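These notes are about the structure you will find just below.
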Amino acid sequence: MQKGKFVPELIAPCGMNCGICISFFGYTMKGKKRKHPCSNCRSRDSQCAFIKKQCDTLATKQIEYCFECTDFPCENLTTLDTRTRAKYGMSMIENLRNIQTQGIEQFLKNEQERWKCSTCGGIICVHNKTCYTCNQSR
Ligand code: SF4
Ligand code: SF4
Ligand SMILES: [Zn+2]
């Protein structure tokens, strides 16, 4: 998948934008180059490394986004969201609510601006705040 242009397939059911994820860019959290970058949540068979506990609803692809789930926002998602907000300044639950109210196309437009590198126009990684196109740190 093309890096730099956000498309609906890059937005995971949990609200994560896989296009800003360090694994998607092909690096580990320790900054080492991965042998196999993660393509994105929707195209992989196993659960994402950032979702620790299994969710049957997601595993069996019963819903497109977590906000369609009767348990939304469930305990697992809330725990993950709290950690992601604190560590990376990004909320999946907020993303999901924005997708729900504004629609996916508007959300993608906003994300494109939000994560744009001010130096080269590339994408800033949410995990280490680095642009992998020009290496500039935000
Ligand atoms: S590791 Fe998870 S968040 Fe990152 S690109 Fe893969 S599925 Fe998406
Ligand atoms: S149980 Fe939680 S993780 Fe699973 S689909 Fe519902 S809101 Fe999403
Ligand atoms: Zn850049």
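Tabulated results
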{"item": "Where a residue in region 99-110 is farther than 17 Å from P13 by Cβ and its partner, wherever it lies, is of a type in the set (A, V, I, L, M, F, W, C) and not in a helix (DSSP H, G or I), with Cβ under 9 Å and at least six apart", "result": "K109/F6"}
{"item": "K61 being basic (K, R), within 16 Å of ligand 1 (Cβ to nearest atom) and part of a helix (DSSP H, G or I)", "result": "no"}
{"item": "Test set (1) closer than 16 Å to E9 by Cα; (2) within 16 Å of ligand 2 (Cβ to nearest atom) - L77 fails condition number", "result": "(1)"}
{"item": "Counted residues, region 55-90 - those being exposed (fewer than 13 other Cβ atoms within 10 Å of the Cβ) and either of a type in the set (A, V, I, L, M, F, W, C) or in contact with a His (Cβ under 6 Å, 6 or more places away or on another chain) (or both)", "result": "2"}
{"item": "For M92: the one exception among (1) within 19 Å of V7 (Cβ to Cβ); (2) out of contact with any Ser or Thr (no Cβ under 8 Å at 6 or more places or on another chain)", "result": "(2)"}
{"item": "Test result for T70, assigned to a loop (DSSP other than H, G, I, E, B) and not basic (K, R)", "result": "yes"}
{"item": "For H127: the one exception among (1) without any contact (Cβ under 8 Å) to a residue 12 or more places away in the chain; (2) in a loop (DSSP other than H, G, I, E, B)", "result": "(1)"}
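Let's see how each residue does on (1) away from ligand 1 (no atom under 16 Å from the Cβ); (2) more than 13 Å from the chain's Cα centre (by Cα):
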| position | (1), (2) |
| --- | --- |
| C55 | no, yes |
| N76 | no, yes |
| R85 | no, no |
| Q102 | yes, yes |
| K129 | no, yes |
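Quick note: the coordinates plus some simple rules give every number you see, no bench work behind them. As the structure is a computational prediction, the values presented were derived from the model and not from experiment. As a convention, Cβ positions derive from the backbone with ideal geometry for all residues, glycine included, and neighbour counts pool all protein chains shown.
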